Amino acid sequence: MTDALAAAFGDERARVAAAVGLDAIAESPIEIEAITRGNRKETAIARFPTRGPVVVQVSTEPTWLRTEAALLREIRQRTFVPVPPVLAAGTHDGVAYMLTAYVAGSDLHAAFAAVERETQRALARWFGRALARLHDAFAFDAYGRLELAEAGFTASQQDWPTWFADYGERAIDRLPAAFDDLAADLRDLLAEPPDSDRTPRLFPWDFRPGNALVADGSVTAVLDWEAPLSAAPALSVAKAEYLVADWYVDDPEPLRAAFREGYESIRAMPAVSPAHRAVAIAASAIDSAGRVTNPRYPPVASDAAVAFHRDALESVLAGV
């Protein structure tokens with residue numbers, strides 16, 4: 001197993017932490033394959049002689065992975081949203097590890113653009129229902145990065161306008177020079193905090209088809225819950241709607257309508273303001289490594305990606 005771990009994890013501490021986690025499995029793996037998923041953790045699939053595969057993840061941010069493991073367990077208990085079962089989680093020498101069951105399914109990111117329009121609408125409706133159920137199931141006392149404490153999940157920012165403005169400023173600051181001419185108008189939207197339901201709810205900031213698996217038209221798992229946040233529900237709605245409805249098709253209105261219909265089948269839709277939408281788009285335009293994100297499938301080139309996000313932001317500003 002040592003050689004297989006060395007091929008999958010580049011750092012010695014990561015390899016040791018992965019090995020500690022794999023000790024929780026009764027069998028020894030016969031193969032460990034590194035896969036690319038996320039920028040904050042290393043991921044591999046371990047395969048065994050007689051049992052199903054296991055996903056092994058390690059991170060030098062132990063608080064984040066510990067929180068993610070706890071959140072996955074709670075999502076499985078409280079909602080219908082399918083997430084991988086957590087088999088083991090812990091920390092060794094400052095490196096966190098988490099083992100989850102491998103869930104079969106096709107990458108919805110690749111499949112979404114190819115399926116029939118009615119299937120697209122059904123999937124968008126499902127994402128709306130799922131987000132609403134997550135909002136119903138998880139309410140908090142404050143905003144910001146969620147961490148696991150003895151009493152449950154906690155966040156640190158009590159004031160919604162302050163947290164929203166800080167989050168929006170960071171998103172705008174990370175936009176590349178091609179967006180500089182929009183920055184002042186975008187910041188003006190942050191001057192007045194959106195008047196909406198401000199109850200702190202779970203903000204799954206990367207809730208999108210690209211993090212979902214599908215089989216026979218149904219979602220079998222939603223992946224990558226790292227670094228979860230707490231925010232007012234309208235911001236979650238705006239961001240998920242952009243990543244589900246706008247990302248893949250030229251005419252997003254039918255998918256937006258389906259997403260909202262799904263959400264409203266569970267709970268009332270929060271009032272989504274231009275400020276929510278602008279911040280959601282700006283935050284979606286740049287990934288955690290500082291790169292412009294590429295919409296559509298197959299993904300468009302960089303120049304087209306910049307134009308896509310600019311058009312979305314300009315549309316919001318034009319409606320103010």
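The values are calculated or read from the model by the stated rules, or taken from the named source; none is laboratory data. Quick caveat, the model's predicted, so the values are computed rather than measured. Cβ atoms come from the backbone with ideal geometry, glycine included; neighbour counts cover every protein chain shown. When the accessible area is computed, the model is the full protein with side chains, heavy atoms only, and any ligands, DNA or RNA have been set aside. Shrake-Rupley method; radii C 1.70, N 1.55, O 1.52, S 1.80 Å.
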Can you pull the percent of the range 1-153's accessible area that's carbon plus sulfur, 1.4 Å probe, other chains left in place?
44
Order of 172-181, 232-241, 198-207 by packing, highest average Cβ count within 10 Å first?
232-241, 198-207, 172-181
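Computed over the Cα atoms of the range 1-51, what is the convex hull's projected area averaged over all directions, in nm²?
Working: hull surface 14.0 nm².
Directional mean of the projected Cα hull area for the range 1-51 stands at 3.5 nm².
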If one computes the Cα centroid of the range 252-320 and of the range 44-69, what distance in Å separates the two points?
31
Between HIS92 and residues 5 or more places away or on another chain, the pairs with built amide H atoms under 5 Å apart involve TYR97
Length gain on complete extension for the stretch ARG13 to THR293, per 0.36 nm per residue less the alpha carbon to alpha carbon distance?
97.7 nm
Per residue, how much accessible surface does the chain expose to a 1.4 Å probe? Answer in Å², no decimals.
44
Using r as the Cβ-Cβ distance of ASP188 and ILE35, and R0 as 41 Å, what FRET efficiency do you calculate, to the nearest 0.05?
0.45
Along the range 235-244, Karplus-curve 3J(HN,Hα) (6.51, -1.76, 1.60; θ = phi - 60°) to the nearest Hz, with x for Gly and Pro, reads 5, 4, 4, 4, 6, 5, 4, 5, 6, 8
Could you tell me whether the range 50-105 comes out rounded, prolate or oblate from its Cα gyration tensor? Rule is a ≥ b ≥ c as square roots of the eigenvalues, rounded for a/c under 1.5, then prolate if a/b exceeds b/c, otherwise oblate.
oblate
Any idea how far apart ASP181 and ALA151 come out in nm if each label point goes 7 Å out from Cα toward Cβ?
5.1
Would you please put 304-313, 184-193, 56-65 in order of how densely packed they are, using the mean number of other Cβ atoms within 10 angstrom per residue and starting with the highest?
56-65, 304-313, 184-193
Based on alpha-carbon centroids, what's the gap between the range 209-236 and the range 100-121 in Å, whole number please?
12
Quotient of C-alpha Rg and 2.2 N^0.38 Å, computed over the range 88-216
1.35
Name the trypsin sites (Lys or Arg not before Pro) in the range 2-39 that are in a loop by DSSP and that have at most 15 other C-beta atoms within 10 Å, would you?
ARG37
Can you tell me how the range 28-80 classifies by the Cα gyration tensor, rounded, prolate or oblate, using a/c under 1.5 as the rounded cut?
oblate
